[in-house]
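Accompanying notes for the structure given below.
The values are calculated or read from the model by the stated rules, or taken from the named source; none is laboratory data. Because the structure is predicted, anything quoted here is derived from the model rather than measured. Cβ coordinates were reconstructed from backbone atoms using ideal geometry, including for glycine residues, and neighbour counts include every protein chain displayed. Just so you know, the surface numbers come from the protein's heavy atoms only, side chains and all, with ligands and any DNA or RNA stripped out. Shrake-Rupley method; radii C 1.70, N 1.55, O 1.52, S 1.80 Å.
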Amino acid sequence: QVELVESGGGVRQPGGSLRLSCAASGSISSDNTMGWYRQAPGKPREFVASIASDGTTNYVGSVKGRFTISRDNAGNTMYLRMNDLKPEDTAVYYCHLETGGMHSWGKGTLVTVSG
């Protein structure tokens, strides 16, 4: 059983920054991929970024150059640094972990960019 807990969401003006965190606990293989997805009101959930246990990262095109995904040395805490936020970044951000074909999700943290 894997538990994922997100934190760090909030309200920012356009151009602002936020850092999201995701703490993972439970039975987690050392070979895993963690990532962030987001869901804006009235839209389907979309991939934002991912980081594998070997450090390989991937980003959706709309956040490249603005968002940075990272994880700590122990590998069980993941971060998403979001710079130059835009109103279209407004969404609930979900933490995701995949290992051995098993998928786990956090409950999400709300990011609102307005002003």
Length-normalised contact order of the stretch 75-115 in % [C-alpha pairs under 8 Å, at least 6 apart]: 41
Could you state the accessible area per residue of the chain in Å², with a 1.4 Å probe and every protein chain left in place? 53
So which chymotrypsin sites (Phe, Trp or Tyr not before Pro) in the stretch 1-95 are both in a DSSP loop and have at most 16 other Cβ atoms within 10 Å of their Cβ? none
Accessible carbon and sulfur surface of the chain relative to its total accessible area, %, 1.4 Å: 47
Computed log₁₀ I(q)/I(0) - Debye formula, equal Cα scatterers, no solvent, the chain, q 0.15, 0.20, 0.21 Å⁻¹: -0.59, -1.03, -1.13
Using Cα positions and a limit of under 19 Å, work out the lysines in reach of Lys107, with same-chain residues fewer than 8 apart set aside. Lys43
